[in-house]
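Enquirer: Mind having a look at this structure? Questions to follow.
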Amino acid sequence: MAKQKNRFKAVIENQECTIISKESPEHMKMVTELVNEQLEEIKRMSIETDNEQAAILLAINAVSDQFKKQEELMELKDENEALYKKAVQAAELENRMQRIEQVEQEAKKVLEKQGRKDTQINNHLQAQQILNENRKQDIQQKVSQG
């Protein structure tokens, strides 16, 4: 749902102005207070600065801060994307590990069924070979019976 535009009466540097914004009155009050504080600070730092010059300096500072925040946001998005890719890779590795463990468990069951409990499985390739050999034997038995 789109936010409704609100009128907000602000006093900036003793001048009243009306701001039209979709932000809440509380938000605009905080913004107005911050603008007044920053204008006062700029004028304290440079006594000969008039209101217009202070407003220009404040605008430059605000835009500079906005650029910095946008850069930070882009860096965080890039970091988030990299972390997401790592998480996907980790999940893929976890799935592979689970599949390898399943293959090894199946191979152990085949060995037990064949009475070869003492045979040790050293790696997943050996486990897969045991399963392949067992399937091959099952197929040969079916063909010879058929």
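Enquirer: At each listed q (0.11, 0.16, 0.24 Å⁻¹), what is the log10 of I(q)/I(0) that the Debye formula gives for the stretch 13-80 modelled as equal alpha-carbon point scatterers?
Expert: Taken in order of the listed q values, log10 I(q)/I(0) reads -0.38, -0.72, -1.09.
Enquirer: Only Lys, Arg, Asp and Glu count, each charged at its Cβ (+1, +1, -1, -1), so figure out the dipole size of the chain about its Cα centre, rounded to 20 debye.
Expert: With only Lys, Arg, Asp and Glu charged at Cβ, the dipole is about 1480 debye.
Enquirer: Sticking with this structure for a sec: What translational diffusion coefficient, to the nearest whole µm²/s, does the stretch 1-114 have by Stokes-Einstein, given a Kirkwood radius computed over alpha-carbon pairs, a temperature of 25 °C and 0.890 mPa s viscosity?
Expert: So the translational diffusion coefficient is about 124 µm²/s.
Enquirer: What helices does the chain have that are whole DSSP H segments, at least 15 Å long along their own axis by Cα, and with mean Kyte-Doolittle hydropathy of -1.0 or more?
Expert: 25-45, 51-113
Enquirer: Amide H to amide H under 5 Å from GLN114: which residues, 5+ apart in sequence or cross-chain, H placed 1.01 Å off N in plane?
Expert: Those lying under 5 Å, H to H, from GLN114: there are none.
Enquirer: Could you work out the helix-only [θ] at 222 nm for the chain, with each DSSP H run of four or more residues adding -39,500 (n - 2.57) and the total divided by the number of residues, to the nearest 500 deg cm²/dmol?
Expert: Rounded to the nearest 500, the figure is -26500 deg cm²/dmol.
Enquirer: Starting from the Cα gyration tensor of the stretch 77-146, multiply each eigenvalue by 5, take the square root, and state the resulting semi-axes largest first in whole Å.
Expert: Ellipsoid semi-axes (Å, largest first): 38, 15, 7.
Enquirer: Please work out the Cα center distance from the stretch 61-87 to the stretch 108-146, rounded to the nearest Å.
Expert: 54
Enquirer: Still on this structure, please answer the following. Do any of LYS3/LYS29; LYS109/LYS136; LYS86/LYS108 go past 22 Å between their Cα atoms, and which?
Expert: In this structure, LYS86/LYS108 exceed 22 Å between Cα atoms.
Enquirer: Right, next: Under unit Cβ charges (Lys, Arg +1; Asp, Glu -1), what dipole magnitude, rounded to 20 debye, does the stretch 1-62 have relative to its Cα centre?
Expert: With only Lys, Arg, Asp and Glu charged at Cβ, the dipole is about 500 debye.
Enquirer: A further question on this structure: Counting only residues 5 or more places away or on other chains, whose amide H sits under 5 Å from the amide H of ASN6 once H atoms are built in the peptide plane?
Expert: SER21, LYS22, GLU23
Enquirer: Would you work out which of THR49, GLN70, HIS124 lies farthest towards the positive end of the dipole of the chain? Charges go on Cβ: Lys and Arg +1, Asp and Glu -1.
Expert: Value: HIS124.
Values in this text are rule-based calculations from the coordinates and carry no lab data. Here the structure is a predicted model, which is why all the values come from computation and not from measurement. Quick reminder, even Gly has a Cβ in these numbers, built from the backbone with ideal geometry, and neighbours come from all protein chains shown.
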